[in-house]
Amino acid sequence: MRALAFHRAGDVADAQRLAAEHADAMYLAGGTNLVDLMKLGVARPSLLIDITGLGMDEIDHRADGSVSIGALVRNAPLAGDPQVRERFPVLAQALLAGASGQLRSVASTAGNLLQRTRCVYFQDTTKPCNKRAPGSGCAAIDGAHRELALLGTSEHCVASHPSDMAVALVALDAIVDVLRTGGDIDEMLVEELYREPGSSPERETVLSSGDLITAVRLPAPPVGARMAYRKVRDRRSYAFALVSVAVLVVADEDGRIRDLRLGFGGVATRPWRARTAEAQLTGTRPSPQAIESAVGAEFAAARPLPGNAFKVELMADTVTAVLGELLAGDAR
Amino acid sequence: MLAEARRGWPSHVSPDVGRGIIGPAELDPTEVAERMSGNLCRCGAYRGIVDAVLEAAEAPARDPFPELAGS
């Protein structure tokens, strides 16, 4: 039995002061991932700071077409929000593709971003894992790879980022507001929130202890943008992605792509913005072969493992299908 | 789950997330199975449960404790 202190934060300053005082304190919002990890012995905070009383739970649609999503907005009401569904359908679709109804009704926006990998070796404390126990090695690289990453990996870690929502957010150029300990507010692209594992896979984000995500902001989508999220998985529901893609495209009437944004999930150590593929396809009227080639170029620097090399072709097929449907105007 | 559908919230299998914003979401066996998926236990989307959920969705809201009405 481990001693655990619990504190319900009264305000943001209270939460951050406590976090600064306790090196192994953790913020608790929905708890859908953290509580599981505590039961498994993977997360071992000595203090939980409950931040659910701090507000930050509103969806604010602004006159300029942008929207600010409070860090504590739950996944279910965000996916159900009429204006999110109408104007940012890729986000609603990604949310609805994730977890289960019960989990979505509790899980928070910021918690979704900061959820940990579901790499089975990370979650099993009897196995070496550089992310859980730095320097202990990686059981995954010689293990089962089907769920694991091939982009952004290193010889120390191949854990995939599990979020569906974050894949849509990188395609939407979403911005995260971070309240640093000390009161400064930094804003960064969701893409910039994450670090690649390199030689320190235990450091997953650019956040420091005590930093608090307060909101996620979506800029107004480009005029004429069509967007969709598609997730391919082993089970029809309640499973993590083998591959997933968030596509946002603006095209001329003749199908020539003027603006393209691709988010890849299930294949990378962080929500992956596929800028190489985007650049190769922008300005063209791509054939399926051209899309396949562009996705191939995105994976040029990948480190495929025997158990996940199939994802390159699966991703190419998925992007081809979704982009084709969007360009034909019948994607949903 | 029924309250979410009445609110018009879509699910992963809804044909168009942007549709149905005005009225309640339409439920059929596929919708119910998806919405019940992962709900405490895998049997939550079994056929008998799906049928029962659809039946409950059709029925007028019933007071399970009529003897307490008005108290």
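The values are calculated or read from the model by the stated rules, or taken from the named source; none is laboratory data. As the structure is a computational prediction, the values presented were derived from the model and not from experiment. Quick reminder, even Gly has a Cβ in these numbers, built from the backbone with ideal geometry, and neighbours come from all protein chains shown. Each accessible area value is taken on the protein alone, full model and side chains, heavy atoms only, with ligands, DNA and RNA left out. Shrake-Rupley method; radii C 1.70, N 1.55, O 1.52, S 1.80 Å.
At a glance:
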read-out	value
Size of electric dipole in the range A:110-198: Cβ of Lys, Arg +1 and of Asp, Glu -1, about Cα centre, debye, nearest 20	540
Prolate/oblate/rounded label for the range A:130-219 (Cα gyration tensor, a/c 1.5)	oblate
Number of partner chain Cβ atoms within 10 Å, mean per residue of A:90-101	4
Charge dipole (debye, nearest 20) of the range A:26-129; +1 at Cβ of Lys and Arg, -1 at Cβ of Asp and Glu	420
Per residue accessible area of the range A:220-332, 1.4 Å probe, in Å²	44
Around A:Asp14: net Lys/Arg minus Asp/Glu count, Cβ-Cβ under 14 Å	-1
Pair-distance profile P(r), taking every C-alpha pair of the range B:1-48, with 5 angstrom steps and integer %	5, 24, 30, 23, 12, 6, 0
Average partner coverage of B:5-16, which counts Cβ from other chains inside 10 Å	5
Shape category assigned to chain A from the gyration tensor of Cα positions, a/c cut at 1.5	oblate
Protection-proxy order for peptides A:142-155, B:38-51, each taking the mean of Cβ atoms within 10 Å per residue, highest first	A:142-155, B:38-51
Whole-Hz ³J(HN,Hα) from phi, Karplus 6.51 cos²θ - 1.76 cosθ + 1.60, for the range A:187-194, glycine and proline x	10, 8, 5, 3, 3, 7, 5, 9
For residues of B:34-41, the mean tally of beta carbons on other chains within 10 Å	5
Derived scalar couplings ³J(HN,Hα) [the range A:149-154; Karplus, 6.51 cos²θ - 1.76 cosθ + 1.60; whole Hz; x for Gly, Pro]	8, 10, 10, x, 7, 9
Peptides A:41-47, A:300-306, A:22-28 ordered by average Cβ neighbours within 10 Å, highest first	A:22-28, A:41-47, A:300-306
Between 0 and 90°, nearest 10: helix A:12-21 axis offset from chain A longest Cα axis	70
C-alpha center-to-center spacing [the range A:103-126, the range A:76-96] in angstrom	21
Counted charge near A:Pro201, where neighbours are those whose Cβ lies closer than 12 Å (Asp, Glu -1; Lys, Arg +1)	+2
25 Å Cα cut-off, lysine pairs counted over the protein assembly as shown (separation 8 or more, or different chains)	4
Nonlocal amide H pairs with A:Val243, under 5 Å, H built at 1.01 Å	A:Val232
